[in-house]
1. Treating cross-link reach as a plain straight distance, find the lysines whose alpha-carbon is under 16 Å from the alpha-carbon of Lys55, omitting any fewer than eight places away in the same chain.
2. Hey, with R₀ at 25 Å, roughly what FRET efficiency would Leu122 and Tyr308 work out to, going by the Cβ-Cβ distance, to 0.05?
3. I'd like the FRET efficiency for Tyr148 and Lys336, computed as 1/(1 + (r/R0)^6) with the beta carbon distance as r and R0 of 30 Å, rounded to 0.05.
4. Each label point is 7 Å from the Cα along the Cα-to-Cβ direction; what then is the distance between the points at Met1 and Lys129, in nm?
5. So how much slack lies between Lys67 and Ile326, counting 0.36 nm per residue of separation and subtracting their Cα-Cα distance, in nm?
6. Apply 1/(1 + (r/R0)^6) to the Cβ-Cβ distance of Asp20 and Glu262, taking R0 = 25 Å, and write down the FRET efficiency to the nearest 0.05.
7. What is the spin-label model distance, in nm, from Val271 to Ile293 if the labels are put 7 Å beyond Cα along the C-beta direction?
8. Helix 266-302 sits at what angle to the longest principal axis of the chain, using alpha carbons and giving 0 to 90 degrees rounded to 10?
Amino acid sequence: MKTTHKIIYEDSRKMNDLQDKSIDLMITSPPYPMIEMWDKMFSEQNQTIKNAIKKENGNLAFELMHKELDKVWKEIYRVLKIGGIACINIGDATRKINGEFKLYSNHSRILSYCISLGFSALPTILWRKQTNAPNKFMGSGMLPVGAYVTLEHEYILILRKGNKKEFKTEEDKEKRQQSAFFWEERNVWFSDIWDNLKGIGQKLNYINLRERSGAFPFELAYRLINMFSVQGDIVLDPFLGTGTTTLACLCSKRSSIGYEIEQNFKDIINVRIKEMISCSKQYNLDRLNRHLIFVKEIEEKRGQPLPYTCKPYGFKVMTKQEQNLILYHIDNIKEKDDSFEAYHEETKYNPMGSHVKEDLTHYS
């Protein structure tokens, strides 16, 4: 069982390597317009952006930056299959320019343009990242009216191209059933507020990666991949950064393509990919552990067993749709140029095994 993972170190505003309607899912976190750490990158793409910033014309700089991102969203619409999903993690920006402090609404600007391309907007997720930093409050402190609300969340825009994806053949239906998630995961993943990502999959996150590259957590990409694709699908990230989307695809038995314009990320991407060999099996076992603990707790509460059994694993599940769920981990990875072939095998699980954990505090 093989998946392929290709990394293209080029500008994603023109993805000439990709054919029309060839991608099942897109997940990315682009550079955020009007956040200073990305000023230089945007200015290199368009000299007029640098001039607008220098002249302290915030509105013009904001619009020009988004016009560069628009070129990527247009390409995404081209390469997505009908029924394909695009997930965009984006935060709004606050900035003081020419003496005026204001909000630059990145999420609404991107959403508006993508709808104009033909995307259908689906319910948005708010990724809440509360901070207790003593200097998080902006403005005049306790005095009205010059204090400002603190931004403690980012958006995950969810967009669909065309009608809902269909599974017509028996093979497609079987892949969909094997790609199911647990009932209790559905209840968390499909909530419109995510505030429990901290601490999950820490072994897969390097320190300060977000500060260096804007990388989102492994768990964020993992959830979206499992929510909106099936095993064997092709997932694209046009702003790959340090490779988190690729890692989540490896752990989920999906193929991936990543575009990254910054060559300096190549070494860390390659190291992180190879580390997945040792991480992916334990990640799956932890996921199965959490389900087993859920089953124990809910059966004790109800006083009776759950009604269905997951056939590959032999443990109880809440719904009929979970009966054929199978998780796969990485057995081996082979590297060739900027591509990787991953070989997967089913993650075996013994409910009575010593790896069952009662303490889940490291997931909170």
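1. Lys40, Lys96
2. Working: r = 28 Å, r/R0 = 1.13.
Taking R0 as 25 Å, the efficiency between Leu122 and Tyr308 is 0.30.
3. Details: r = 51 Å, r/R0 = 1.70.
Efficiency, from the Cβ-Cβ distance: 0.05.
4. Roughly 3.3 nm, to one decimal.
5. Values: separation 259, 0.36 × 259 = 93.24 nm, distance 4.24 nm.
Computed gain between Lys67 and Ile326 is 89.0 nm.
6. Working: r = 27 Å, r/R0 = 1.07.
Efficiency computed from Cβ-Cβ geometry: 0.40.
7. If labels sit at Val271 and Ile293, their model points lie 3.1 nm apart.
8. 60
Only the coordinates and a few stated rules stand behind these numbers; no lab work does. Bear in mind that the values here come from a model prediction, so they are computed numbers and not experimental data. We place every Cβ from the backbone using ideal geometry, glycine too, and count neighbours over all the protein chains shown.
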